[in-house]
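Here, each number is a calculation from the coordinates, and none is a lab measurement. None of these values were measured; they are calculated from a predicted model. Here the Cβ positions follow ideal geometry from the backbone for every residue, glycine too, while neighbour counts run over all protein chains shown.
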Amino acid sequence: MSISRRAFVVSSAASAALASISTQAYSAGSGEIDVIVIGAGLSGLETALTLEENGLKVLILEGRKRVGGRVFTLFDLPGHPEVGGNSIANAYGRCIAAASKHKVEIVNIAPRILGKPLAQELFIDGEHIIPKDWESHAKNPFTPEMKRLLPWAWSGEMIKKHMPFRDLENWYDAKYFKHDISMHEFLASKGATDAMIHLGFNTNLSYGTHSYDVSFLQMAFTEYWQAVNRSEKSKLLVGVFKDGNQNLPIAMANNIKGDILQDKCVTAIDVRDESAKVTCNDGKTYRAKAVVCSMPFSTLRHVAINPLPEAMQLKAIKTLGYIPITQFHIVPKKPFWEADGLSPSMWTNGPLGTVLAQRSGKSDVEITSLTVWCRGLNGLFIDRFKSEEAKKLIISEFEKLRPAAKGLINIARMHSWNADPFAAGDWAIFQPGQVSELRASIAKPHKRLFFCGEHTAVGSRGMEGAFESGERVSLEVLGSI
Ligand SMILES: Cc1cc2nc3c(=O)[nH]c(=O)nc-3n(C[C@H](O)[C@H](O)[C@H](O)COP(=O)(O)OP(=O)(O)OC[C@H]3O[C@@H](n4cnc5c(N)ncnc54)[C@H](O)[C@@H]3O)c2cc1C
């Protein structure tokens, strides 16, 4: 993607808007700083590093007591399972470069996954269905030519069949706005019934909460982004950072020269004056020439911004969608799958959602833990329970489907990204109509306030999107100060 060309265009617009910024530095209490970066996730860290490399003095304010944001490794569990960002792929050029720069090794687990694939057992309404029976099974709602597809493959196939563009650069161009409709409207227009949509899209979905609150245009872009990542079949990369993905943000943070203040929950950003002022919930304020905000919009919507951003940007901050995901990390007391002969990985249409076996041991086949993913409406459902009750529910659902697991399920950790105050959701999604109406306003500089974060990326997603956004915003800030 030609990020530099686009970034420089944005940068000159920002320079014009901020021509009046004074060159005077402002006191941060512990010395004079040029830029406050809010958030020590990948995008905030990348921005801070780039600004420092260009001679600016940076202060990072992070709400959590750790760095990494949505890259979060459980270092204390066997195999170091990931709660957040799982893996990178071939088109993650910036991530790969960052790993090399910060001396974090990338391990390609593609041979492990592809060489010894693990089946995903299908359970519908509590019934175990083996793949060869699915096509003719009474519970299969798909059209005759699609019946061969397992439920998790159906919506991707529908999108691929009707892909509106072949271009990662311009998917958000006005000529595609006619596709900025709900997934439901798109699928129904291709003859899908509610039953097909419910099983094939709403169940264990990857974006949004259901087919009505996700844009087809956004889904087409993500499907296309994934296809680009998988296109180099011969040298496929499913990359993880050695011993835990959080090692990358930790290494980046170690290379930051300025302060990273943790446990600093930002509550207000004031950009009315000559200097920008950021207030935290401990009552402390910090000043600088500019502020870069990497907070997800799901959390920024609870911060007082003065003056308010322009209407469309404010609307984006208030309404951009996020997928709810709650995870349970299980370290089984015994390999119950050896007793019942099935794979521990499962796809269910019940509260258990999906179960993914983690294979991060010394051998390719050793299963180190299991992760239960409750997504979308199922994630919201699970979040209504107190955590101990939610864990009991997951264990009882597990034991119902897999009697061999009785007494062997130990939930070592639970994490609701939706209930996490510094995420309030998982990754950003455009709701129907939001690509056309809001996308162009999301990352516009607002006086001395600049925006980065995966939600502002346009040519990539996830961890790569975080880096893409850090690269763009750094150019904007450097063009303005
Ligand atoms: C379960 C899960 C699986 C994923 N899988 C993948 C994957 O396989 N591949 C992939 O590429 N991506 C994946 N992602 C997405 C990827 O992890 C994120 O896109 C990326 O890490 C986002 O980086 P960021 O810097 O934009 O945001 P964040 O990492 O969220 O950084 C923002 C920072 O702002 C801080 N903050 C928020 N509010 C405040 C406040 N009020 N005051 C101060 N600080 C605040 C947060 O604590 C956080 O550190 C996954 C994410 C999750 C959660």
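In table form, for the structure just shown:
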| read-out | value |
| --- | --- |
| Cα gyration tensor, segment 141-235 - rounded (a/c under 1.5), prolate or oblate | oblate |
| Cα gyration tensor shape for segment 77-117, rounded if a/c is under 1.5, else prolate or oblate | oblate |
| The chain, dipole about Cα centre (Lys/Arg Cβ +1, Asp/Glu Cβ -1), debye to the nearest 20 | 240 |
| Summed residue charge, Cβ within 13 Å of R64's Cβ, Lys/Arg positive, Asp/Glu negative | +1 |
| Helical contribution to [θ] at 222 nm, DSSP H n ≥ 4, -39,500 (n - 2.57), averaged over the chain, rounded to 500 | -9500 deg cm²/dmol |
| Positive-end residue of P141, H184, A220, charge dipole of segment 141-235 with Cβ unit charges | P141 |
| Only Lys, Arg (+1) and Asp, Glu (-1) charged, at Cβ; segment 247-333 dipole about Cα centre in debye | 160 |
| Non-local Lys pairs in segment 141-235, i.e. 8 or more apart or on different chains, that have alpha carbons under 23 Å apart | 14 |
| Restraint check, K318/K444; K57/K315; K101/K277; K315/K447, Cα-Cα greater than 23 Å | K57/K315; K101/K277 |
| Residues T319 and N281, FRET efficiency given R0 of 35 Å [Cβ-Cβ distance, rounded to 0.05] | 0.90 |
| F430 long-range amide H proximity, modeled H, under 5 Å | S215 |
| Most positive-pole-ward Cα, S234, N349, G376, against dipole of the chain from beta carbon charges | S234 |
| Sites matching trypsin sites (Lys or Arg not before Pro) across segment 253-316 that sit in DSSP coil, with at most 14 neighbouring C-beta atoms within 10 Å | K257, R272, K284 |
| Gyration tensor (alpha-carbon) shape descriptor, the chain, a/c threshold 1.5 | prolate |
| Qualifying trypsin sites (Lys or Arg not before Pro) in segment 69-139, DSSP loop, other Cβ atoms within 10 Å at most 13 | K103 |
